[in-house]
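Chemist: Would you mind keeping the following structure in view while I ask a few things?
The values are calculated or read from the model by the stated rules, or taken from the named source; none is laboratory data. All figures in this text were calculated on a predicted structure; none of them were measured in a lab. Every residue, glycine among them, receives a Cβ derived from its backbone with ideal geometry; neighbour counts consider all protein chains shown. The accessibility values were calculated without ligands, DNA or RNA, using every heavy atom of the protein model including side chains. Shrake-Rupley method; radii C 1.70, N 1.55, O 1.52, S 1.80 Å.
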Amino acid sequence: TYIGSIVASVNPYKSIPGLYDCAAMERYSKHHMGEIAPHIFAVANECYRCLWKRHDNQCILISGESGAGKTESTKLILKFLSAMSQHSLELSCREKTSCVEQAILES
């Protein structure tokens, strides 16, 4: 569940099909946080948007007991950010404009 810009999650200790696949990344990349069900990709997407659209520095704090899934959560956030960065790179190559140049032009 969300608590402001914080997502509180529970490690299910089992694999849930489709929860962290490419389709989930795509779905959360198209929505703002709070528009669809709480998910770690929503937090990562908000971080990514603030970083590139508003040029705000970002920090994601992952906390929990031993075995709560902190390492897995970190891997999922990095997976999402990597996919979104790759997507931006592909777009900028097609448009022959870098993300930084585009952001400067939009300001």
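Chemist: Out of (1) touching a Lys or Arg at 6+ places or on another chain (Cβ under 7 Å); (2) not in a loop (DSSP other than H, G, I, E, B), what's the single condition that is false for Leu81?
Modeler: Unmet condition: (1).
Chemist: Filter segment 48-78 down to the residues that are in a helix (DSSP H, G or I), modelled with pLDDT of 85 or more and touching a Cys at 6+ places or on another chain (Cβ under 9 Å) and list them by number.
Modeler: Taking segment 48-78 as the starting set, the residues that turn out to be in a helix (DSSP H, G or I) are 48-53, 70-78.
Keeping just the survivors that are modelled with pLDDT of 85 or more gives 48-51, 70-78.
Passing the criteria: only Ile77.
Chemist: If you scan segment 3-46, which residues turn out to be over 18 Å from Leu78 (Cα atoms), aromatic (Phe, Trp, Tyr) and open to solvent by less than 50 Å² (accessible area, probe 1.4 Å)?
Modeler: none
Chemist: Given the conditions (1) of a type in the set (A, V, I, L, M, F, W, C); (2) more than 8 Å from the chain's Cα centre (by Cα); (3) farther than 17 Å from Ile6 by Cα; (4) open to solvent by less than 90 Å² (accessible area, probe 1.4 Å), report the number of the one that Trp52 does not fulfil.
Modeler: Every listed condition holds for Trp52 apart from (4).
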